[in-house]
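**Q** Dumping the structure here so I can ask a few things about it.
The values are calculated or read from the model by the stated rules, or taken from the named source; none is laboratory data. Please read all numbers here as calculations on a predicted model, not as lab measurements. FYI the Cβ positions are ideal-geometry reconstructions off the backbone, even for glycines, and counts take in every protein chain you see.
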Amino acid sequence: MSDYLVKLAENPTARAIIKNIGLPTPPSLARASGAYEAEPLSGKTVLLGAAAKGYAAKAALATLKGMGATVDQSTPATLVEGASFDRFVFDATGFAGAADIRALYDFFHPVIRRLKANGRVVVLAAVPELQSTVAARTAARAVEGFTRSLAKEVGKKGSTVNLLYVEQGAEKRLDGPLRFFLSDHSTYVDGQAVRVTTEVKAATKIPTTQVLEGKVALVTGGARGIGAATAARLAAEGAHVVVLDIPQDAETLNATAQKIGGTALAMDITDPATPQKLVSHFKDTHGGVDIVVHNAGVTRDKTLANMKEQNWDLVQNINLAAILAVDEALLENDAIKDHGRIVCLSSIGGIAGNMGQTNYGATKAGLIGYVAGRANEVAGKGICINAVAPGFIETRMTAAMPFMIREAGRRLCSLSQGGEPGDVAELITFLSTPGASGISGNVIRVCGQSLVGA
């Protein structure tokens, strides 16, 4: 379903009218198309700054140059008058106390108006709990409040701000995250704080194009919507995708798989026999699986007092129990290859809760706890596991919502509009790549910085 305000706002005259009558004026968002490019920032100018004793700027500079960017390291005092920028990167990893936080003001205050529409801002900070002093932990955590607030200021121009907490020693793992968060593949990921650590064993080869070539991926609930978009995006990066959905959707499932040159598996994910069938399929046919995307999920909304027992159980079984059972079987039988990736679809509903969704909210919050608990167990094999939490995404489900609820969902975010299934697929795809080896146990929202659960 199209968003009428986004359409109207593309016309300058109409945009002025809707702004004058007090309606939101959603910006036109830049979205990348196709697979990753070796130099996605070719023709772009990036302003790179760093506080004293920061340890991540050197690695960031190398990545920016590798992305084809023109890098400006001018100080506010030496900036060329009138210069504008496509991207800002600031290294705050050297913060040792409250006084150091002033560096954020000193860097951003003179230049924030020079950020172009659809700009990208990434701030790097130390991991708070790994700091040796209370003062340093305080300063590192302060950066998160700054970035989340700044994101709400620049969102009206379609720009985003994200934070990477970087463990000292994990600088070499910044290339993948910076490539994603500074590109237009990350359009609807905004106001997030992601941890980049050395906890997971990294692969020796990290490609920048066709990053999933030779990989085998499983996408559950893949016949349509976010699942189909994810399957297509993984295939575009070179993966062979096994698309799974219920037998009742076999016709749509087969069409989706055929379109991307993948394999269709018509199975009920809640069938007790399914986990072992998947083990046999992947080990016998592909020698294992590299990427597992748990996208299958349902809603059966009612207030708790009115909820039928079968609807509670159905949501629990599909959204949570089946995921745990499949992973347990795959891991116990070594069906997930070394340096594999597991991505679970959570939801803002699991973070903030929603009226009439006690069943759904419990499962999606459970997945957040699951990835945090499972991460250390699989780190030794180089496997990363993360959760993706979509906000308001334009799907068949949201199109069926009452008008006012749908409009509230669209407008209550920094980008003033809903996301697309492809936006979720982009984040899932990034987390599935070798370049995401520093990221595990995280929950990352793809919600345009929704004010719900913020």
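**Q** Which condition from (1) surrounded by 24 or more Cβ atoms within 10 Å (Cβ to Cβ); (2) within 21 Å of Leu427 (Cα to Cα); (3) not small (Gly, Ala, Ser) is the one that Asp91 breaks?
**A** Failed condition: (2).
**Q** From the residues in the stretch 339-377 that are part of a helix (DSSP H, G or I), under 17 Å from Leu324 (Cα atoms) and of a type in the set (A, V, I, L, M), which one is farthest from the chain's Cα centre (by Cα)?
**A** Only one residue fits best here, namely Ala362.
**Q** Sticking with this structure for a sec: Can you find a residue that is at pLDDT below 95, more than 15 Å from Arg179 (Cα to Cα) and assigned to a helix (DSSP H, G or I) anywhere in the stretch 27-50?
**A** Looking for residues that are at pLDDT below 95, more than 15 Å from Arg179 (Cα to Cα) and assigned to a helix (DSSP H, G or I), one finds none in the stretch 27-50, hence no.
**Q** Moving on. Give me the pairs: first residue in the stretch 342-355 and under 17 Å from Ile226 (Cα atoms), second residue crowded, with 24+ Cβ neighbours inside 10 Å and among the charged types (D, E, K, R), beta-carbon distance under 7 Å, and six or more apart or on different chains, which are they?
**A** From the stretch 342-355, the pairs are Ser346/Lys364; Ser347/Lys364; Ile348/Arg445; Gly349/Lys364.
**Q** Would you mind stating whether Asp245 is acidic (Asp, Glu), under 23 Å from Glu328 (Cβ atoms) and buried (at least 18 other Cβ atoms within 10 Å of the Cβ)?
**A** yes
**Q** Which residue out of Gly238, Gly225, Gly214, Gly262 is in contact with a His (Cβ under 8 Å, 6 or more places away or on another chain) and of a type outside the set (Val, Ile, Thr)?
**A** Gly262
**Q** Give the stretch 60-98 a look and list any residue that's part of a loop (DSSP other than H, G, I, E, B) and among the hydrophobic types (A, V, I, L, M, F, W, C), or say none.
**A** Met67, Ala69, Leu79, Val80, Ala83, Ala92, Phe95, Ala96
**Q** Kindly list the number of the only condition in (1) closer than 19 Å to Arg341 by Cα; (2) in contact with a Leu (Cβ under 7 Å, 6 or more places away or on another chain) that fails for Ala266.
**A** For Ala266, the failing item is (1).
**Q** Right, next: Across the stretch 196-210, which residue is surrounded by the most Cβ atoms within 10 Å (Cβ to Cβ) among those that are in contact with a Pro (Cβ under 7 Å, 6 or more places away or on another chain) and within 21 Å of Val122 (Cβ to Cβ)?
**A** The selected residue is Val196.
**Q** Kindly establish whether Ala56 is closer than 16 Å to Asn162 by Cα, crowded, with 18+ Cβ neighbours inside 10 Å and not assigned by TED's automatic domain parsing to the domain that holds Gly419.
**A** Answer is yes for this residue.
**Q** Out of Thr160, Thr133, I need the residue that is surrounded by fewer than 19 Cβ atoms within 10 Å (Cβ to Cβ) and either of a type outside the set (D, E, K, R) or more than 21 Å from Leu174 (Cα to Cα) (or both). Which one?
**A** Exactly one of Thr160, Thr133 is surrounded by fewer than 19 Cβ atoms within 10 Å (Cβ to Cβ) and either of a type outside the set (D, E, K, R) or more than 21 Å from Leu174 (Cα to Cα) (or both), namely Thr133.
Let's see how each residue does on (1) surrounded by 19 or more Cβ atoms within 10 Å (Cβ to Cβ); (2) touching a strand residue (DSSP E or B) at 6+ places or on another chain (Cβ under 8 Å); (3) assigned to a helix (DSSP H, G or I):
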site: Arg137; (1), (2), (3): no, no, yes
site: Ala151; (1), (2), (3): yes, yes, yes
site: Phe180; (1), (2), (3): yes, no, yes
site: Val189; (1), (2), (3): yes, yes, no
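**Q** Six or more apart or on different chains, Cβ atoms under 6 Å: show the pairs whose first residue is in the stretch 321-338 and in contact (Cβ under 8 Å) with a residue 40 or more places away in the chain and whose second is crowded, with 16+ Cβ neighbours inside 10 Å and among the small types (Gly, Ala, Ser).
**A** Once the first residue is in contact (Cβ under 8 Å) with a residue 40 or more places away in the chain and sits in the stretch 321-338, its partners that are crowded, with 16+ Cβ neighbours inside 10 Å and among the small types (Gly, Ala, Ser) give Ala335/Gly288; Lys337/Gly288; Asp338/Gly382.
**Q** Listed residues Val315, Val243; which is more than 20 Å from Leu427 (Cβ to Cβ) and either in contact with a Phe, Trp or Tyr (Cβ under 8 Å, 6 or more places away or on another chain) or in the same structural domain as Arg396 (by TED's automatic domain parsing) (or both)?
**A** None of the other options fit; the residue is Val315.
**Q** Then there is this: Quick one: Phe146 ticks every box in (1) farther than 29 Å from Ser450 by Cα; (2) assigned to a helix (DSSP H, G or I); (3) of a type in the set (A, V, I, L, M, F, W, C) bar one, so which box is it?
**A** Only one criterion in (1) farther than 29 Å from Ser450 by Cα; (2) assigned to a helix (DSSP H, G or I); (3) of a type in the set (A, V, I, L, M, F, W, C) is unmet by Phe146, namely (1).
**Q** Another question about this same structure. Only one of these conditions is not met by Thr303: (1) over 22 Å from Pro247 (Cα atoms); (2) touching a strand residue (DSSP E or B) at 6+ places or on another chain (Cβ under 9 Å). Which number is it?
**A** If we test Thr303 against (1) over 22 Å from Pro247 (Cα atoms); (2) touching a strand residue (DSSP E or B) at 6+ places or on another chain (Cβ under 9 Å), just (2) comes out false.
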